[in-house]
1. Less than 14 Å Cβ to Cβ from Arg174, Lys/Arg counted +1 and Asp/Glu -1: what total charge do the surrounding residues give?
2. Using a Debye calculation, one point per C-alpha and no hydration shell, please list log10 I(q)/I(0) for the range 268-550 at q = 0.07, 0.09, 0.12 Å⁻¹ in order.
3. Please list log₁₀ I(q)/I(0) at q = 0.15, 0.20, 0.29, 0.33 Å⁻¹ for the range 651-690, using the Debye equation with identical point scatterers on the alpha-carbon positions.
4. Which of the residue pairs Lys599/Lys757; Lys76/Lys132; Lys330/Lys406 have a Cα-Cα distance greater than 25 Å in the structure shown?
5. In the range 101-252, if the dipole is taken from +1 on Lys/Arg beta carbons and -1 on Asp/Glu beta carbons about the Cα centre, which of Thr119, Gly219, Leu196 is farthest to the positive end?
6. Looking at the calculated P(r) for the range 353-498, what percent of the C-alpha pair distances fall above 26 Å?
7. Of all DSSP beta bridges located in the range 268-550, what percent are antiparallel, nearest 5?
8. Could you list Tyr296, Tyr909 in order of exposure, starting from the residue whose Cβ has the fewest other Cβ atoms within 10 Å?
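Every number here is computed from the coordinates shown, using simple stated rules; none is lab data. Small disclaimer: the values here were computed from a predicted structure and weren't measured. We place every Cβ from the backbone using ideal geometry, glycine too, and count neighbours over all the protein chains shown.
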Amino acid sequence: MPTPRDVLLLLPRSALAALADRFGVDLPDRRKKATIVDAMLSAPGLQVDELLRSFRIDELKELCRALGLNARARDKALLVERLLDDRSPESMARGAMGAPRAAAARLGPESAARDGRLTKEQIVGCLLEADKLLRHALGPSGQHRMTIAVLLLLKRLNDAEPSTLDIAVPAQARWATVEASLPAVDLALNRACVALEESNPALEGVLSWLDFTDVRRLGDRTERLRLLHELLRLLSWMSLRDGDLATPDTLRRAFQMFLEEADLRDAKRAGESHPTIAIAELMAELLDPSEGMRIYDPACGYGTLLVECATYVERRGGDARKLLLRGQEKSVEAWTLARINMLLAGLPDAQIDRGDTLRDPSSTVDGYLRAHDRVLCVPPVGLTWWGHDVAERDHHARFRYGVPPKNRIEFAYLQHMLASLHRRSGVMAMVAPGGVLFRGGTEGEIRKRMLRDDLFHAVIGLPANLLPATRGPAALLVLSRAKPALRKHKVLFIDASRGFQEERRRNRLGPEDVTKIATTFRSASDVPGYARLVDVDEIAANGFSLAVRRYVDARAPPTDDASAQMWRRVELRNYRSIAEATVDLAPFTVLVGPNGSGKSNFADAIVFARDVATDAATAVERRGGLAGIRRWQPAEEDDRAEVYVDVRAATSRSALETDYLRHQFTIRAKGDGAWAFHNETIELFVRGAPVLWVERTPEGLDVETEPGRRVVSSGSAPRLSETASAMVFARQLFDIARVTALRNVTRIRLNAEAMRKPQVATENTRLDESGSNIAVAFRSLEAEGQARVLAAMQRIVPGLLRVSVEAFDRFLLLKFEQHQPGGHVARFSASEMSEGALRALGILVAAQQMTGDELLIIEEPEVAIHVGAAQLLFDVLKDASTRGSLLITTHSADLLDAAREEEILVCSYRDGVTQIGPLSSAQREVVRQGLFSVAELMRSEPLRIEGEEPATVQL
């Protein structure tokens, strides 16, 4: 590794001399670089790291590249650390690892147990510190948790008493052996994993597939050794011996918490859906497992639900080792983490099989499905092909109620779980997206048959945004073959959608929420606005819909007032530079980011959704075809070829979950430049219950409505062209504000030259995107509106007296009158007006024309306008947001103080990808404490997206 002298010698002589002067170093000779460097290194009080931190980040990256170091980093501190790190592999071996208790100190004294034993908070803090280290060096990746989990297991096996886990730890797998092999620690870790598996057949395949020499996982050799050294240091200070842990379940709970937090940091991936600890606690409470029971999770992920069932039994004085725990998982990484999870939780006998449950279930006896006392599951999300092709000839006879659609996996898992349940006493619980409660077609028939067989015990409506992999509302279904007599032919509905704790990136069930649901479930009593026990006959009268708010009316009726402000949620994938984004737009939202970061692409995606709803073919063609829209250019069969757009509108933020109109669609390439809708869904929800559901299927449109609100039968729905949106049909069904809200989007990208030209009088009085009909639009305003525009313009253009429109032949001319010295009044036309004044006029007119359900998008309002005028415009627009909704894009810090920090979205561009999200909580806290305004903060450091900030903000 380079020395500080090596680093400084890379700088030009002139730069070294300037640095010496800046830091007050006396130079005996300025002619030689070596002399300057020697003087700087010997100067009393001068710290080289302080000197390097004065460099720009791009300069530090150049130095790293020149020295063959990893130059990937988001902050200067990490680059400086790399430049000054003198830990070569050989020096690593010579240095004592020790136990850096400073790591524990960083976690805060509040997390430490009073008796000095290790708490779950300290362990989680250490694991997240390790995850942060890997993310900063290598970027975000779901593989980091695997690396950390294997090291944590190795540490636990070394620290625990041999009798605790009954696992042999050979010499090659000893922690001390690995520490002593630091010049080749990657190879030593590989040997340790292989040795553990060879000595313990139960671990076969769990550890050895993870290659610690893999460049893709841990970088090149130099970077890899540095990272592994740091990871070992972080873990070394913790003693994971039972007697050194604060409680018996400390390590178990800490690892669960770490996995949950790591899931939250990663983007969602198709085929994965891991329950949170709170959801697992709730499911265990409802199923009430006890010693001796067989408990099964057919899509166990990390094994969270199985671990929580064991915890539930132990907290009630039982012995979790007497449970027969079994799970199956398809993903090799999730399966490995589940196996590790069981070992860390003290459940080494739990059987976790690897494989596809629906195609090849492993929990069988002599070829028949094993019967379990309790079955629980959170099925994977986002899968478009679950095994529909083999279901009709399934030799386990699991699909007796019907074969679900090939792109709907929930009822496939539900029926597999039911077939795996004890026929006299079994109880099961499954969390699924809210659509399973009311969708029609085959799913509706399956639901009806199950209800007639009296299988549904309870349906619990959960809050939206509970699971890391999905933001939508969810439902918890409890099915039972042992319903009490008083619950026969009845279903308990619980509306728990409002009981949650709102956090930065998701909602969470609090302990009181879990307790309330569980208590209500056990008592089965009616609670007005919260729970109701309903006869199956009533459900049948409602078309066998299980929509919770069809039976539990917990909210006031929504308004269809067109003057109500609108909130919007936008979810995108593969749209131009945007790989993935999900954001909520408030009535006033500012999207800030540097030029070229992708702000215009985000704005265009919203306009694209509007255009698709009326003429999809033209919308795609205007943007250069699908190739001009999508981010990736892969082979046709690659899922990345899809463009995914999902927009919903509601009259409040909370209503985005319960009272909204949603339009979601995916378009795919077909070859030779052609494209088609791959799928499309339109949902209208009122008080949490579906009023309209339109879904595009290969056979045509599937139209479902709730009983009592039927407007068209499914059979009468037209068959659309594969390039025509279903919204063309659906928007004819309901005449309410939210239907128009998705289409009522106006974008303003003013062109001063177009505004200066004489304009033909037309019937189109709405200001167009370029402002070319500004005279027509201004003239169309009522007198009060024109007066408000003039009053604002007079604050922007000194001496402005009047703005008017004059007719000349068939043209309209925009005229201005301005006070001049000596009492004179100058009259001039738009062709003589400055660009900034014309742009300001266009923005003010657009704001006056807004309607209540409209989203007005204004891009870069500060262009060609001086700072004071731009700030005034922002104030006017903020006021206009009380009448409608605005999205403003900007790259300027000068305009941000008109917005509250929660109204700001940050746009960044890294490695060819646009990222969009709310301002980081750490930076919001700085603003709330009054240390900086948002504008001042942006001038001092880059604004960061939530989840990407460092642990502390450097002030």
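1. Working: positive: Lys155, Arg156, Arg191; negative: Asp159, Glu179.
Net local charge, Arg174 excluded: +1.
2. Each listed q corresponds, in turn, to -0.23, -0.38, -0.71.
3. -0.49, -0.63, -0.91, -1.01
4. Check vs 25 Å cut-off fails for Lys599/Lys757.
5. Gly219
6. That fraction is 22 percent.
7. Just about 55 percent of them are antiparallel.
8. Fewest to most other Cβ atoms nearby, the residues stand as Tyr909, Tyr296.
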